[in-house]
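Before any comments, here is the structure.
The values are calculated or read from the model by the stated rules, or taken from the named source; none is laboratory data. All values reported here derive from a predicted model rather than from experimental measurement. Counting neighbours? That spans all protein chains shown, and the Cβs are built from the backbone with ideal geometry, glycine included. Quick note on the areas: whole protein, heavy atoms, side chains included, nothing else; ligands and nucleic acids left out. Shrake-Rupley method; radii C 1.70, N 1.55, O 1.52, S 1.80 Å.
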Amino acid sequence: MSKIATAFGINKALDQLGLSEINEGTSTGLNHFGSGEIISSYSPVDGALIGKVKTTSPADYEKVMETATSSFKEWRLMPAPQRGEIVRQFGEKLRELKEPLGKLVSYEMGKSYQEGLGEVQEMIDICDFAVGLSRQLHGLTMHSERPGHRMYEQYHPLGIVGIISAFNFPVAVWAWNTALAWVCGDVCVWKPSEKTPLCGVACQNIIAQVIKENNLPEGISCLINGDYKVGELMTNDSRVPLVSATGSIRMGKIVAQAVAARLGKSLLELGGNNAIIVTPDADIKMTVIGAVFGAVGTAGQRCTSTRRLIIHDSIYDKVKDAVVAAYKQLRIGNPLDENNHVGPLIDTDAVSMYKKALEKVVAEGGKIIVEGGVLAGEGYESGCYVKPAIAEAQNDFEIVQHETFAPVLYLLKYSGDVENAIAIQNGVVQGLSSAIMTNNLREAERFLSAWGSDCGIANVNIGTSGAEIGGAFGGEKETGGGRESGSDAWKVYMRRQTNTINYTTELPLAQGIKFDL
Ligand code: UN1
């Protein structure tokens, strides 16, 4: 164990999460078993090895699918409110383990401990939501056009739901999917990011315990580990009617094509290129908090991170100076230390992408106004710590059009009416999150109208990140069109059936058709 891991109680957290035995040669167990190659998980915080996990071979995958298939046959028979009770117990365990799990998220992924705790809180919240939902999987009743007939719809479980999640929200995104899918009567097979495999095993240990305590079949929740090749086993597998995938647009296009080729369903939550519009009527103090948290929170590695600030020319200098001054206050370092604002990037590949983005924006004619750079020396040994940077740029620069998963913020200027700002905001291929800072009702309503923001999320006087679980989460265009989490997102995890019942002794046909024999 490294010095940092010891000082911040990582050992104890691993113990509490049942991970102290995870090392080479140790199976991660069914439901988290594996006989494939070994993945080593290194912390971006200090570069230390945290643990090793075995990957899932094609033969292991077959065993997982057999277990999941037979478990589904039992699970779908359990009344939905009873499935909700299992999710309630899972939420209780998460409350007990919030601190160790939040700490592991922080240490394995690199986000601040506060954000790690916040992520576990999202899991708890979605469990509560799903428990209530388990009594509200409503369909409609319609009036039949035929006498003595009743027509209604009902929702049934789909079967096996495949979940592919990304490193940046290594536990919450799985929970958004799985808590809903479980109350809907589905069983889940999860492939977490190969960059955060221990978070996956930790979650699986928690749910496996709940399943065991309730004498339920273990395949209700399955874990498979590995890189895209393991993911491909699911995307090509017609036993998996729904694949929910979070990650890059590039990955999403591959998943969507594979799943569509077998006419399966996919739920995609892909890249964002989120902007905040700052109008002449904006509250500057609120703007600075929203923009800075949005751009540097999670070191710019949220799909909802603020990448572009679109500022009216009349207040451009004032907003720019305030944001630059705020950047000077940022403390970069060990994310487990609550005095720091910004932790490391996930790995050194991400650092290279960050460096390339800064070179590219300059090459395209942009101007860096807050210098970036990779930090070295004591506390930065992992090589993953970078300085949040700001560049003045144009929306049509290739690099501005592209989502760089790092703390790089582009300042863009608009003049005239808010419509001009909205056109810039919408002028990218992604469509996840967007925001406007204004106290002007007309501007706010125009931003939210049908000809306003084209994103799945549009906020007024709030930044682009930090969505609550109660709303449907996802975006349009190349963000993939999927919706997860709250509202009626549950419907994608079920199949809808329309039922018509005739309680007469006649057989009238619909549309008034006569067919007398
Ligand atoms: C993601 O980055 O994939 O809205 C999810 C937010 C978080 C979720 C982000 N609640 O920023």
> How high is the relative contact order of the chain, in percent, counting Cα pairs under 8 Å that sit 6 or more residues apart?
Replying inline: 17
> In this model, which of LYS318/LYS413; LYS318/LYS355; LYS93/LYS212; LYS93/LYS229; LYS52/LYS356 are farther than 21 Å apart at the alpha-carbon?
Replying inline: LYS318/LYS355; LYS93/LYS229; LYS52/LYS356
> Of the peptides 269-280, 134-145, 236-247, how do they stack up when ordered by the mean number of other Cβ atoms within 10 Å, highest first?
Replying inline: 269-280, 236-247, 134-145
> Hey, what's the Kirkwood Rh for the stretch 154-237 if you take every pair of different alpha carbons, in angstrom?
Replying inline: 13.1
> Nearest 0.05, what FRET efficiency do ARG331 and ASP15 give at R0 = 22 Å with Cβ-Cβ as r?
Replying inline: 0.15
> Dividing the Cα radius of gyration by the Kirkwood radius, what Rg/Rh value follows for the chain?
Replying inline: 1.01
>> Under 5 Å between amide hydrogens, which residues at least 5 positions from ALA406 or on another chain qualify, with H placed 1.01 Å from N in the peptide plane?
In response: none
> How far is the Cα center of the stretch 155-189 from the Cα center of the stretch 471-511, in Å?
Replying inline: 18
> Straight-line reach from LYS328: which aspartates and glutamates have Cα under 13 Å away, leaving out those fewer than 8 places along the same chain?
Replying inline: GLU371
> What spacing in nm lies between the two simple spin-label points modelled at ILE289 and GLU359, each 7 Å away from Cα in the Cβ direction?
Replying inline: 3.9
>> Skipping prolines and chain starts, which residues have an amide H placed within reach, meaning under 5 Å, of the one on GLY264, given they are 5 or more residues away or on another chain?
In response: none
> Taking each full run of DSSP H in the chain as one helix, which ones are at least 15 Å long along their axis (Cα atoms) and have mean Kyte-Doolittle hydropathy of at least 1.0?
Replying inline: 172-184, 249-261, 284-296
>> Take the chain, mark every one of the chymotrypsin sites (Phe, Trp or Tyr not before Pro) that falls in a DSSP loop and has at most 13 other Cβ within 10 Å, then report the longest stretch left between them, sites excluded.
In response: 1-450
> Reachable aspartates and glutamates from LYS63, Cα under 20 Å, same-chain residues fewer than 8 places away excluded?
Replying inline: GLU37, GLU74, ASP186, GLU218, ASP227, GLU232, ASP237
> Within the stretch 474-516, which GluC sites (Glu not before Pro) sit in a loop by DSSP and count at most 14 neighbouring Cβ atoms inside 10 Å?
Replying inline: GLU506
> Hey, what D do you get for the stretch 274-472 in µm²/s if you plug the Kirkwood alpha-carbon radius into Stokes-Einstein at 4 °C and 1.567 mPa s?
Replying inline: 77
> Do the alpha carbons of any pairs in LYS253/LYS387; LYS12/LYS195; LYS191/LYS387 sit beyond 25 Å of each other, and which pairs?
Replying inline: LYS253/LYS387; LYS191/LYS387
> Which of the trypsin sites (Lys or Arg not before Pro) found in the stretch 316-356 are in a DSSP loop and have at most 15 neighbouring Cβ atoms, other than their own, within 10 Å?
Replying inline: ARG331
>> Considering only protein heavy atoms and a probe of 1.4 Å, how much of the accessible area of the chain is carbon and sulfur, as a whole percent?
In response: 52
